[in-house]
Amino acid sequence: MTSCSRKLAAVVAIQIAVASCGEKAPDAALPVTGPPAAPSAALGAGVTEVTVFNDPYVDQVNWEDYTIHNRIISLVRNTPAGQYIRAAIHSITVPAVTDALLDAHNSGVNVYVVHSGHDNGTQGQRLAAALGDRYTKCRGSASDVEGCISNRSSSLMHSKFFTFSQTVDGGVSKPYVVAVTSANMTHAQARLYNNLVIIGGDQTTYDGYKNVFTDMRYLRKNNNYLVDDPDGSFSSSAAALKSYFSPRADSNGGTSEQASTDVVANTLGYLSGGSGCYVKAAQNMFTSGRDPIADELIRIRKLGCTVQLAYTNMDSGIKARLKDGGVQLRLVDSPAKIHHKYYVVYGTYAGTSGAYRLFTGSHNWSGSALRINDEVLLKLYDRTVINAFLGNFGTIWSRGVAQ
């Protein structure tokens, strides 16, 4: 066993022990930046929302933190026999995650996995061999189609979510659990900044993600995947959230750059200013094909709002435009890079003053995330969750280099 494997196994054991003792593993307290948040949004009875972050700075030798992987492993291992786990996995190299899924399968849990077609590694092979027809390798009409929903060339199944019909999290048994993360199940992701949101007790959200997973599992190809609504989303009032999915076609059914069908640009378009307004974004990449997002950020800055973007990868042309438009930029590149895909909006939003909105998930600010890949973008209203993301942003921003 490698030193990395021993370290991961030890942390997993601690995580499972904490869960079995009925104690909630503490999340690091981080300072909140920006205006103070209003009281938490009213969630439905029994609905909970929990936020988990990793921070590679906790280990300044290896610069890695498996907190998110371990939380997923804990959810898997605490799923009772006869219940259901559905896992949408982009890539996987961590044996402990595979072990947990296979142990659950062997213990009588109904485990289903969809896996991006690009990943032909050992862990996917183990899952395929053990799960049989409960494992789906994404593919399409051409050899380079590796999405489950998308049938476009060079597509990937880039979503990263898990659903649990019943599990235990933080010592509390919960039905209808959905876990949406920016992290892949790989060792490399422990060295990058990532987040995980766990929604428990909301059947509407659970059923929505289960239905999307089912479309993935049966390779129901749709290059304009609109789900329930014309903007490619479904909502839950009890969980105060909305989920958007890709691929999203342009108005001609293609992949061109177009503001009216860019889900991120559209969500930013609802911000019309207001006292103390801002956008705070932590993005792995901001690349060609998403100029409408840059247009919106510059528009928002011209309203007098603060616009801050912490990033790791950005096209030079977009970077020049943003700097000229007054957007504050910080490069976060060493020793830990950003793999987040989140942004927080505050101000007058859709006509409501003093409103907060959080968007997170697998959706990079890239053309492929919008038009080509299978992706998820989650919008949340809950102020407690948003406060946690603001704290995380403050930490990442403080470690970035001004551009």
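Within region 133-155, the set of residues being farther than 17 Å from Tyr244 by Cα, open to solvent by less than 40 Å² (accessible area, probe 1.4 Å) and of a type in the set (A, V, I, L, M) comprises just one member, Val145. Check region 328-346 and report whether any residue there is within 29 Å of Thr48 (Cβ to Cβ), open to solvent by 10 Å² or more (accessible area, probe 1.4 Å) and either small (Gly, Ala, Ser) or at pLDDT 95 or above (or both). Taking every residue of region 328-346 in turn, at least one turns out to be within 29 Å of Thr48 (Cβ to Cβ), open to solvent by 10 Å² or more (accessible area, probe 1.4 Å) and either small (Gly, Ala, Ser) or at pLDDT 95 or above (or both). Only one of the numbered conditions (1) open to solvent by 40 Å² or more (accessible area, probe 1.4 Å); (2) in contact with a strand residue (DSSP E or B) (Cβ under 9 Å, 6 or more places away or on another chain); (3) hydroxyl-bearing (Ser, Thr, Tyr); (4) within 30 Å of Ala238 (Cβ to Cβ) is not met by Thr352, and that is (2). Kindly indicate whether Gly22 is at positive phi, modelled with pLDDT under 95 and either outside any helix (DSSP H, G or I) or out of contact with any Lys or Arg (no Cβ under 8 Å at 6 or more places or on another chain) (or both). In short, yes.
Which ranges mark the strands (runs of 3 or more DSSP E) fully within region 42-115 that have 3 or more residues being in contact with a Phe, Trp or Tyr (Cβ under 6 Å, 6 or more places away or on another chain), open to solvent by 50 Å² or more (accessible area, probe 1.4 Å) and of a type in the set (Val, Ile, Thr)?
Filter on region 42-115 gives an empty set.
Yes or no, residue by residue, for (1) over 24 Å from the mean Cα position of the chain (by Cα); (2) more than 27 Å from Gln166 (Cβ to Cβ); (3) at pLDDT 95 or above:
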site	(1), (2), (3)
Thr98	no, no, yes
His105	yes, no, yes
Tyr112	no, no, yes
His118	no, yes, yes
Leu131	yes, no, yes
Tyr135	no, no, yes
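Somewhere in region 299-315, is a residue touching a Pro at 6+ places or on another chain (Cβ under 7 Å) and among the hydrophobic types (A, V, I, L, M, F, W, C)? No, that holds for no residue. In a residue-by-residue description of region 224-232, the property of being in contact (Cβ under 8 Å) with a residue 60 or more places away in the chain, of a type in the set (Ser, Thr, Tyr), closer than 17 Å to Leu358 by Cβ and not in a helix (DSSP H, G or I) applies to no position.
Close Cβ contacts (under 6 Å, 6 or more residues apart or on different chains) running from residues in region 118-139 that are of a type in the set (D, E, K, R) to residues that are open to solvent by less than 40 Å² (accessible area, probe 1.4 Å) comprise Asp119/Ser91; Arg126/Thr98; Arg134/Tyr112; Lys137/His115; Lys137/Gly117; Arg139/Gly117. Residue count for region 281-321 satisfying the condition of being closer than 26 Å to Ala350 by Cβ, open to solvent by 20 Å² or more (accessible area, probe 1.4 Å) and in a strand (DSSP E or B): 2.
Just give me the residues in region 194-221 being more than 23 Å from Tyr381 (Cβ to Cβ) and either open to solvent by 10 Å² or more (accessible area, probe 1.4 Å) or of a type in the set (Phe, Trp, Tyr) (or both), in sequence order. Those that are more than 23 Å from Tyr381 (Cβ to Cβ) and either open to solvent by 10 Å² or more (accessible area, probe 1.4 Å) or of a type in the set (Phe, Trp, Tyr) (or both): Phe213, Thr214, Asp215, Arg217, Tyr218, Leu219, Arg220, Lys221. Filtering region 141-176 to residues that are in a strand (DSSP E or B), within 17 Å of Thr214 (Cβ to Cβ) and out of contact with any Cys (no Cβ under 6 Å at 6 or more places or on another chain) leaves Phe161, Phe162, Thr163, Phe164, Ser165, Tyr176. Only residues that are open to solvent by 10 Å² or more (accessible area, probe 1.4 Å) and aliphatic (A, V, I, L, M): list them for region 227-280, please. The answer is Val227, Ala238, Ala240, Ala259, Val263.
The values are calculated or read from the model by the stated rules, or taken from the named source; none is laboratory data. Fair warning: this is a prediction, and the values are worked out from it, not measured in the lab. With ideal geometry, Cβ positions are generated from the backbone for all residues, glycine too; neighbour counts draw on all protein chains shown. These area figures cover heavy atoms from the full protein model, side chains too; ligands, DNA and RNA do not enter into them. Shrake-Rupley method; radii C 1.70, N 1.55, O 1.52, S 1.80 Å.
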